[in-house]
């Protein structure tokens, strides 16, 4: 049998791609490691290729040569990278291009432009979009140049590894001592591959993190799917998202969507993409993600379109939509459920899940790569070397107030035993007055943690 698409990812990302392929009647295969043998995407696959034991922190899923060669040897025509791992790796996209394999995402050239924090910031600024200070955008190598730039914009500042994502490679500096520590103890050990070069930006203490979802197709059309608020974060990683973003004015929404579409059209963007902004004393461009994201379902539910399906259609040919067909209907909230301990600095947990049951009902969608466990089957073991994202609860309702209520009720139904998890903490956030009013910002999680 001819296999059309290789899914080069794991977990929930793989489940979503499988769902889209099945909806489009596209044959698929999946790569996996032995650590993931008992997950739903691997167990459901007719065609699967083992990359190794999976004991190297995701390294097997990032083996470009092995993944591309697997596709080539099996005459697979396209590769879907999901999110994380190689999804924003320009070298991976280029390797696919050279092998004559369709990469489900932007071209390698566009990933290098828009997926790199420095070049993306320069590019959008030249397109008339306001960026986070400083206006002069250059990478910094070393402590002294960083201190000079920090003095020009004023502390606090954020140091960023140029090609990192998912909250990695970020270092908040409140004074010169933090800059010294960042270069001495952090970047020298973890980001030596970028030779110490980082980007420095003004750090906004209390900002809203707003995103715009775009989709470009192979014929140059670009659509947007409104806004979402991703301000509920710990360690610069998102916990709760909602769509549309509350507390934005109509003018702000129009500004964001119009500028994002114009920019994506200008650079010839293809596939799904997210443009991220911080809202404090105006809207400032933060970065662009050139891939699918964990938070896609919250936008899908608010706007009524399967974006993984549209992504594949768009890269092949056309998205099959016009902008006037994309209408927000109600409100959606997504909660990310992690194997972690909020009371201990969100320390990840691993080990066997002895019981796992989740809610069903009106407006409730539950995404997970782990089957339900109720004592009659072997416990699923959360591996220590991968992301500890267990599931996403996505809730839709006709109003934001009803959506919050429905989400709280759904969280209360989930049974997850055997590992520490963040379900109770998510519930605390949803019932907090700052969240319910919509005025919360990126400091909300910090406020919810016990002092001392």
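The values are calculated or read from the model by the stated rules, or taken from the named source; none is laboratory data. Model, not experiment: these values are computed from the prediction. Note that each Cβ is placed from the backbone with ideal geometry, even for glycine, and that neighbours are counted across all protein chains shown.
Name the residues in region 1-46 that are more than 19 Å from residue 370 (Cα to Cα), assigned to a loop (DSSP other than H, G, I, E, B) and either in contact with a strand residue (DSSP E or B) (Cβ under 8 Å, 6 or more places away or on another chain) or at pLDDT 95 or above (or both), would you?
Matches in region 1-46: 3, 4, 24, 25, 26, 27.
Tell me which strands (runs of 3 or more DSSP E) are completely within region 196-254 and hold 1 or more residues being more than 27 Å from residue 118 (Cβ to Cβ), or say none if there are none.
Ranges flagged: 222-234, 237-243.
List pairs: first in region 25-47 and free of Cβ contacts under 8 Å to residues at least 60 places away in the same chain, second assigned to a loop (DSSP other than H, G, I, E, B) and buried (at least 22 other Cβ atoms within 10 Å of the Cβ), Cβ under 7 Å, 6+ apart or cross-chain?
29/76; 31/8; 32/10
Which one of these is touching a residue at least 12 places away in the same chain (Cβ under 8 Å), on the phi < 0 side of the Ramachandran plot and within 22 Å of the chain's Cα centre (by Cα): 71, 93?
Only one candidate qualifies: 93.
Regarding residue 352, is this residue at pLDDT below 95, surrounded by fewer than 18 Cβ atoms within 10 Å (Cβ to Cβ) and touching a helix residue (DSSP H, G or I) at 6+ places or on another chain (Cβ under 9 Å)?
The answer is no for residue 352.
For region 264-272, state whether one or more residues are in a strand (DSSP E or B) and at pLDDT 95 or above.
Checked against the condition, which is being in a strand (DSSP E or B) and at pLDDT 95 or above, region 264-272 yields at least one hit.
Would you pick out the residues in region 131-172 that are at pLDDT 80 or above and out of contact with any strand residue (DSSP E or B) (no Cβ under 8 Å at 6 or more places or on another chain)?
Selection gives 135, 136, 138, 142, 143, 144, 145, 147, 148, 151, 152.
Just checking, does region 206-228 include any residue being free of Cβ contacts under 8 Å to residues at least 40 places away in the same chain and either in contact with a helix residue (DSSP H, G or I) (Cβ under 7 Å, 6 or more places away or on another chain) or buried (at least 20 other Cβ atoms within 10 Å of the Cβ) (or both)?
yes
Quick check on this structure: which one of 284, 259 is surrounded by fewer than 22 Cβ atoms within 10 Å (Cβ to Cβ) and part of a strand (DSSP E or B)?
Going through 284, 259 in turn, just one is surrounded by fewer than 22 Cβ atoms within 10 Å (Cβ to Cβ) and part of a strand (DSSP E or B): 284.
Return the residues of region 327-348 that are crowded, with 17+ Cβ neighbours inside 10 Å and assigned to a loop (DSSP other than H, G, I, E, B); say none if nothing qualifies.
330, 339, 346
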